[in-house]
Amino acid sequence: MDLARRIAAARSEMGDCDVLIAAEASNVRYLTGIAGMMHVLYGRVPVCAVVGPSGTAQVVISAGDWPDTDGREEDAHVYGTFFVVGEDGSYRPFTDRAFADAIADAVTVTDPDAAIVGIDFGLDPDAMGQLRKALAPRELRLSRQSFLRGRQTKDEDELDLMRRANRIAEEALFASVATLDIGVSEREVMETLQVEMVARGARPMLGAIGFGSGSARGDSWPSDRTLREGEPIRIDVGCTVDGYHSDLARTCVLGRPSDWLAETYAALLHGEEAAIAALGPGVPAREVFSIAVDAVRAAGLQQYRRTHCGHGIGLDIYEEPLIAPRTTQTLAQGMTICVETPFYDERYGGVQVEDAFVITASGAERLGSSSRELIVLT
C-alpha cells in the first residue's frame with residue numbers, strides 16, 4: 001500500500017488544521033492499513049491515526065489490538081489495560097494508559113506546536129469530551145471532509161482490491177442464481193451467496209434478495225418467501241476485500257418473463273447504459289443523474305423517479321459523490337462510482353441493475369465483467 005500517497009492526500013485537504021485525527025475505521029484503514037477487530041466489527045475500542053506535517057501516521061491502538069500494528073511499533077501509542085503473563089512468569093498489565101492521553105501524546109509527536117486539531121466523526125461524545133481536556137489548550141475541530149475528499153481518488157492497490165471484491169460478488173451471485181428453483185427461499189439463496197463469498201476470501205456485507213412483490217421492499221433482510229415461476233428476482237449484494245466494497249445488482253426470472261418485467265428491465269438497462277456512457281473526468285455528477293432518469297423515461301418508463309442513480313464507493317459502501325440532482329461535485333479521474341437504476345412496484349416487484357466503475361482519463365472502466373442483461377432461467 002502506498003501509505004505515503006494516502007497521508008499526503010489527507011494532508012492536502014487539512015485546511016487550517018495543523019494535525020488530523022482519524023477515528024472512523026475506514027479512515028484509519030486508509031491511512032495505516034490497520035483494522036482492529038473490535039473497532040471494525042462493533043465500532044468499539046477505538047483505533048486512531050494521527051497525521052500532520054511529518055508525512056507519517058502515528059497509530060493510537062488498544063493493548064488488545066496491539067498485534068495489528070504489524071511492525072509499526074515505533075509509531076504506535078498503546079492505551080488501555082490488558083493483562084498478560086510476561087517472559088519472567090509474572091502476571092502484569094501490558095499497559096495501563098488512558099485513551100485520550102495516548103492521543104494527546106501522538107499529537108505532540110506529530111506536531112508539538114499544533115494549535116488546531118481536526119477529527120472525523122469516529123468517537124462518541126464521552127470520548128470527545130475526554131479528548132478535548134487532554135488536548136487543551138489546542139482547539140479540537142470536526143473535520144471529516146478532509147478525509148473523505150482525500151479518499152475519493154483511488155490508487156492501483158485500492159483498485160485491485162475493488163476489482164477482486166467485484167469479481168467475487170459476481171461469482172457468488174451467479175453461483176446463487178444456479179440454485180434458483182421453484183420452492184427455494186430467499187434465505188436459502190442468500191446463504192449460498194454468502195458461503196460463496198467467504199470461500200473466495202471476502203466478507204459478505206450488503207445482502208438483499210427478494211422474490212415477486214417482496215423484491216420491491218428495497219434493501220430488506222431475506223425472508224422465508226419461496227420462489228414461483230415467472231416472478232422477478234432482484235438481487236443487490238456486496239462484499240469487502242481488505243475493507244474495500246463491491247455493490248452489484250442483477251434481476252432474474254425463472255421461466256418466461258412477463259411483458260411488464262421485460263419492458264421495465266429494458267428501460268432501466270437503457271438508463272444505466274446512458275449514464276455509463278456519460279461518465280468521465282469533469283462531468284458534473286448531477287448531469288449523470290439527469291441523463292440516467294431521462295433515458296429510462298424515454299425508453300418507456302415515463303413515471304420513473306429517483307433520489308439518486310449512483311454513489312461513490314470504496315472503504316465505505318456510500319462515498320462521495322452521490323449521483324443526485326443536488327450534488328455539486330464533478331467526476332475526476334480515479335474516482336470509483338456505482339451506477340444504478342432501481343425501480344420498485346409493489347404490485348409486481350423490484351427491478352434493478354447496478355455496476356461499479358473507475359473514472360479514467362477518457363471515460364470509465366467497469367470493475368466487474370458479468371453480463372448486465374436480464375437473467376432468464378429455463
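The values are calculated or read from the model by the stated rules, or taken from the named source; none is laboratory data. What you see is a predicted model; the values in this text were computed from it and never measured. So basically every Cβ, Gly included, is an ideal-geometry build from the backbone, and we count neighbours across all protein chains shown.
A quick yes/no check of all residues on (1) polar (S, T, N, Q); (2) within 19 Å of the chain's Cα centre (by Cα); (3) not assigned by TED's automatic domain parsing to the domain that holds M335:
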site	(1), (2), (3)
T192	yes, no, no
S215	yes, no, no
S220	yes, yes, no
L227	no, no, no
Practice task
Give the residues of the stretch 281-307 that are surrounded by fewer than 17 Cβ atoms within 10 Å (Cβ to Cβ) and either touching a strand residue (DSSP E or B) at 6+ places or on another chain (Cβ under 8 Å) or not in a helix (DSSP H, G or I) (or both), sorted by residue number.
Solution key: P281, G282, P284, G300, Q302, Q303, R305, T307
Exercise for the section: Among the candidates D345, D355, single out the residue that is among the charged types (D, E, K, R), modelled with pLDDT of 95 or more and either within 30 Å of A9 (Cα to Cα) or out of contact with any helix residue (DSSP H, G or I) (no Cβ under 9 Å at 6 or more places or on another chain) (or both). Expected result: D355
Handout entry: Pair list, Cβ < 8 Å and 6+ apart or interchain, from the stretch 23-48 residues that are in a loop (DSSP other than H, G, I, E, B) to residues that are among the aromatic types (F, W, Y)
Key = A23/F121; E24/F121; E24/F147; P46/F99
Exercise for the section: Tell me which of these G210 doesn't satisfy, since it passes every other one: (1) under 18 Å from the mean Cα position of the chain (by Cα); (2) surrounded by 24 or more Cβ atoms within 10 Å (Cβ to Cβ). Expected result: (1)
Problem - Residue pairs meeting the criteria (Cβ under 7 Å; at least 6 apart or on separate chains; first outside any strand (DSSP E or B), in the stretch 246-266; second surrounded by fewer than 20 Cβ atoms within 10 Å (Cβ to Cβ) and among the aliphatic types (A, V, I, L, M)) - result: D247/L206; D247/I317; P257/V376; A266/A299
Problem - Any hit, the stretch 75-83, residues being at pLDDT below 95, in a loop (DSSP other than H, G, I, E, B), buried (at least 20 other Cβ atoms within 10 Å of the Cβ) and in contact with an Asp or Glu (Cβ under 7 Å, 6 or more places away or on another chain) - result: no
Exercise for the section: Using the structure shown, decide if E340 is among the acidic types (D, E), crowded, with 20+ Cβ neighbours inside 10 Å and in the same structural domain as E273 (by TED's automatic domain parsing). Expected result: yes
